[in-house]
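The values are calculated or read from the model by the stated rules, or taken from the named source; none is laboratory data. Just so it is clear, the model here is predicted, and its values are computed rather than measured. Using ideal geometry, Cβ is built from the backbone for each residue, glycine included, and neighbour counts are taken over all protein chains shown. Please note that ligands, DNA and RNA were not included when accessible areas were found on the heavy atoms of the full protein model with its side chains. Shrake-Rupley method; radii C 1.70, N 1.55, O 1.52, S 1.80 Å.
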Amino acid sequence: MIAKLKGILESSAADHAVIDVQGVGYLVAASSRTLEALGPVGGDVTIHTEMLVGDDFIRLVGFASAGERDWFRMLGSVQGVGSKVALAILSTLETGEIQAAIAAGDAAMLARTPGVGPKLASRIANELKDKVGGIATVSGGSATPAPAGASADAVSALLNLGFKPAEATAAVAAAQGELGDDASLDALVRVALKKAAK
C-alpha cells in the first residue's frame, strides 16, 4: 500500500500528475484542487495517496492533505460514487463546503458537481450525514471553515458526550459567534452545551 509520495513534480495534466521519486515516475490521479496545490513542474512535492486495485487496474489517487484523502474514502463508501465521481466532487467543492452541505442535507450543493444528479446527491447527503463529524476539512478559502484549535476540541468534546456531528458543529459555531474567536476551550464547551440543550 502506497500512502504517500515525496519527490519532484515531473508533469501535470487536467486530471493527473507524474511524480518522480528517485527515478521512478508515479502517475497519480487527483482533483483539480490538489493539482493546483502541487505548484510548478520541477518543484519538490509531497502528496498523500490512496491505492485502488481492481480486476484489471491498479491506480494511485493523490491528495494535497490527509483530510482530503479521508473525504475521498468517505465519498467512495456511498453506492454509486466511484473514484472519478469522488474526485469530481473534491474538484468542485472545498471540503468545508462538502461537510456543510452534508450536515445541512443540502443535496443541491452536491449536485453542482458534473456527473452528480439529484438522486445521487441526496444519497450522499443521507448516507454521510451521521459521519461528517469525524472528518477534517482542508483549511483555506472554504465557505464554512473547519473548526480549528479550541473549537475543533470543543466539537470533539460534544461528540464524545453523544451529540451528533451536525449538532456539535452547529452548537460550537454558535458558541464561538457569541464568545469570539479567542474563546477558551472551557468557555466554548460550556456555552455550546447550553446552545445544544435548547
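Taking the stretch 33-135 as the region of interest, the helices (runs of 4 or more DSSP H) fully inside it that hold 3 or more residues being within 30 Å of D20 (Cα to Cα) and of a type in the set (A, V, I, L, M) are 66-76, 83-92.
Restricting the first member to the stretch 160-186 and to residues that are over 23 Å from A125 (Cα atoms), and the second to residues that are open to solvent by 40 Å² or more (accessible area, probe 1.4 Å), the beta-carbon pairs closer than 7 Å and six or more apart or on different chains are A175/K195; A183/Q176; L185/D153. Residue pairs whose Cβ atoms lie under 7 Å apart, separated by 6 or more positions or on different chains, with the first residue in the stretch 76-95 and over 23 Å from A37 (Cβ atoms) and in contact (Cβ under 8 Å) with a residue 60 or more places away in the chain and the second part of a helix (DSSP H, G or I) and among the acidic types (D, E), do not occur.
Selection within the stretch 38-82: residues that are open to solvent by 60 Å² or more (accessible area, probe 1.4 Å) and out of contact with any strand residue (DSSP E or B) (no Cβ under 9 Å at 6 or more places or on another chain). The member of this set that is nearest to R123 (Cα to Cα) is Q79. For the stretch 8-24, residues that are within 23 Å of V53 (Cα to Cα) and surrounded by 13 or more Cβ atoms within 10 Å (Cβ to Cβ) total 8.
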